[in-house]
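Chemist: What follows is a single structure, and I will ask about it in a moment.
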Amino acid sequence: MPIWIQKLASLFVPNRGEDLPLSRHYREIMDERGLPPLLHMPQVYDIIEVTVVREADVIFRVLIRWSWDSRRDIAAVIEADREVVTAYWISPDDDHPTLDRTVYETPFASGSEEAQRQSRPDDTT
């Protein structure tokens, strides 16, 4: 993931410790998936995926993951209104080594890394 997207994503997500509003969809799937009824922005998290609207170079959503307890992590999608729209449990040792990230690179999403570099040639840090 290009550095400029990582920087924007870190500004996009709510502040650490802040309550995370839950969308209607999250509340609908909460019981089925055994998700918590309250979420707070964690102190430590990983940014897993960022969806960028290419025409405007703005972030639409960010997928973050953090440790919930010794048995599981939680992954949550936060959209521009800062609501958690969906979430799921994931094993702490699940790093998806077979995940083909190129299928997520589309013109309306994050785009290819090469295209990202060409659109931001001066941003190399």
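Chemist: Hand me the list of strands (runs of 3 or more DSSP E) wholly inside the range 30-125 holding 3 or more residues that are in contact with a Lys or Arg (Cβ under 6 Å, 6 or more places away or on another chain) and modelled with pLDDT of 80 or more. I'd like the intermediate steps shown before the answer.
Modeler: Working: elements: 46-53, 58-69, 72-79, 84-90.
In the range 30-125, the matching strands (runs of 3 or more DSSP E) lie at 46-53, 72-79.
Chemist: With respect to P2, is the statement that it is surrounded by 12 or more Cβ atoms within 10 Å (Cβ to Cβ), out of contact with any helix residue (DSSP H, G or I) (no Cβ under 8 Å at 6 or more places or on another chain) and on the phi < 0 side of the Ramachandran plot true? If you could, list the steps in order and put the result at the bottom.
Modeler: Working: surrounded by 12 or more Cβ atoms within 10 Å (Cβ to Cβ): yes; out of contact with any helix residue (DSSP H, G or I) (no Cβ under 8 Å at 6 or more places or on another chain): no; on the phi < 0 side of the Ramachandran plot: yes.
No.
Chemist: Out of everything in the range 7-24 that is part of a helix (DSSP H, G or I) and of a type in the set (K, R), what residue ends up being nearest to L35 (Cα to Cα)?
Modeler: Looking only at the range 7-24, we keep the residues that are part of a helix (DSSP H, G or I), and these are 7-12, 24.
Applying the additional criterion that residues be of a type in the set (K, R) yields 7, 24.
On the way: K7: 29, R24: 13 Å.
Residue satisfying both the conditions and the ranking: R24.
Chemist: Is there any pair with a first residue in the range 53-64 that is farther than 20 Å from T86 by Cβ and a second that is at pLDDT 85 or above and in a strand (DSSP E or B) whose Cβ atoms are under 8 Å apart and which are 6 or more apart or on different chains, and what are they?
Modeler: Going by the 8 Å Cβ cut-off, the qualifying pairs are V58/V52.
Chemist: When you look at E18, is it surrounded by fewer than 19 Cβ atoms within 10 Å (Cβ to Cβ), touching a strand residue (DSSP E or B) at 6+ places or on another chain (Cβ under 9 Å) and either among the hydroxyl-bearing types (S, T, Y) or more than 18 Å from D95 (Cβ to Cβ) (or both), yes or no? Talk me through it step by step, then tell me what you get.
Modeler: On the way: surrounded by fewer than 19 Cβ atoms within 10 Å (Cβ to Cβ): yes; touching a strand residue (DSSP E or B) at 6+ places or on another chain (Cβ under 9 Å): yes; either among the hydroxyl-bearing types (S, T, Y) or more than 18 Å from D95 (Cβ to Cβ) (or both): yes.
So E18 passes the test.
Chemist: Filter the range 56-70 for residues that are closer than 16 Å to L8 by Cα and either among the aromatic types (F, W, Y) or more than 8 Å from the chain's Cα centre (by Cα) (or both) and give the result.
Modeler: Narrowing the range 56-70 to residues closer than 16 Å to L8 by Cα: 56-64.
Those that are closer than 16 Å to L8 by Cα and either among the aromatic types (F, W, Y) or more than 8 Å from the chain's Cα centre (by Cα) (or both): A56, D57, V58, I59, F60.
Chemist: Being out of contact with any helix residue (DSSP H, G or I) (no Cβ under 8 Å at 6 or more places or on another chain), under 16 Å from A80 (Cα atoms) and buried (at least 16 other Cβ atoms within 10 Å of the Cβ) is the filter here, so list the residues in the range 25-47 that pass it.
Modeler: Y26, M41
The values are calculated or read from the model by the stated rules, or taken from the named source; none is laboratory data. Worth saying up front: this structure is predicted, and the values here are computed from it rather than measured. Reconstructed Cβ throughout: ideal geometry from the backbone, glycine too, with neighbour counts over all protein chains shown.
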